[in-house]
Amino acid sequence: MRKVLYPGTFDPVTNGHIDIIQRACDLFDKVVVTVAINPTKTPLFSVKERIKFIADSVQDFPKVSVDSFDGLVVDHAKNIGAIGIIRGLRAMSDFEYEFQMALMNRKLAKKINTVFLMPHEKYTYLNSSIIRNLASFNSDVSDFVPPIVQEALKIKFRK
Ligand code: ADP
């Protein structure tokens, strides 16, 4: 059973994240998507809401489960018996930070490898903060996020 962990802030989950989850399902037996609790960030949506949005969006993916964690990603990976960590790479600008994290995580847990997956080109310019920004101006984000997120953003920014 080859299980992998896909950690992130997912504030909120976008179609780019879902694309990565789908690709991870093609490669592994089980994909655990985990919402990182980061005390230095002030997210728009609560952990509970972010989990709900992901769970709702992956209903048709039997290999996927969703949870959250507070602490080091590698510790969570070890605790759930994951063999690797999935991260998405959109552009060179992601690379330096992701490379550093991957090497540090490998230093902390030798056996846990980070696997980078590239989303479809149409998602390479997409990130959660752009979505939050667009939605705050009541812009249509239906091409970029699952329907449950679209609705939640509408409610959040309703004037
Ligand atoms: P984090 O704070 O951990 O970067 P994010 O939710 O922003 O949390 O991203 C989680 C992971 O998903 C990261 O590996 C990031 O590169 C990847 N990711 C974010 N947006 C996209 C996208 N549009 N396409 C593919 N991967 C993405």
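The values are calculated or read from the model by the stated rules, or taken from the named source; none is laboratory data. Predicted model only: the values in this text are computed from it and were never measured. Glycine also receives a Cβ, built like all others from the backbone with ideal geometry; neighbour counts cover every protein chain displayed. These accessible areas exclude ligands, DNA and RNA; they are computed on the full protein's heavy atoms, side chains included. Shrake-Rupley method; radii C 1.70, N 1.55, O 1.52, S 1.80 Å.
Considering Cα pairs under 8 angstrom that are at least six residues apart, work out the relative contact order of the chain and quote it in whole percent.
29 percent.
Considering only protein heavy atoms and a 1.4 Å probe, what is the carbon-and-sulfur percentage of the accessible area of region 1-99?
That fraction is 53 percent.
With everything on Cα atoms, drop me the angle between helix 92-108 and the longest principal axis of the chain, reported from 0 to 90° to the nearest 10.
Approximately 40 degrees, to the nearest ten.
What net charge is computed for the residues neighbouring residue 31, neighbours being all others with C-beta under 9 Å from the C-beta of residue 31, Lys and Arg scored +1, Asp and Glu -1?
Taking every Cβ under 9 Å from that of residue 31, the sum is +2.
Treating the beta-carbon of each Lys and Arg as +1 and of each Asp and Glu as -1, no other charges, what is the dipole magnitude of the chain about its Cα centre, to the nearest 20 debye?
Here the chain has a charge dipole of around 380 debye.
Please identify the chymotrypsin sites (Phe, Trp or Tyr not before Pro) of region 99-157 that satisfy two criteria: DSSP loop assignment and at most 14 other Cβ atoms within 10 Å. Which are they?
Answer by residue number: 125, 137.
Mind listing P(r) for region 19-99? All alpha-carbon pairs, 10 Å bins, whole percents.
15, 44, 39, 2
Roughly what % of Cα-Cα distances in region 67-113 sit above 15 Å, to the whole percent?
Summing the P(r) of region 67-113 above 15 Å gives 46 percent of all pairs.
Taking the chain as the reference, fit the longest principal axis to its C-alpha atoms, fit the long axis of helix 15-27 to the helix C-alpha atoms, and give the angle between the two in degrees, 0 to 90, nearest 10.
For 15-27 against the chain, the angle is about 30 degrees.
Work out the charge dipole of region 104-159 with +1 on the Cβ of Lys and Arg and -1 on the Cβ of Asp and Glu about the Cα centre, then indicate which of 146, 124, 104 is farthest towards its positive end.
104
Considering the chain, what Rg and Dmax in Å follow from its alpha-carbon atoms?
Radius of gyration, then largest Cα-Cα span, for the chain: 15.3, 50 Å.
Looking at region 99-156, which trypsin sites (Lys or Arg not before Pro) are in a loop (DSSP not H, G, I, E or B) and have at most 13 other Cβ atoms within 10 Å?
110, 111
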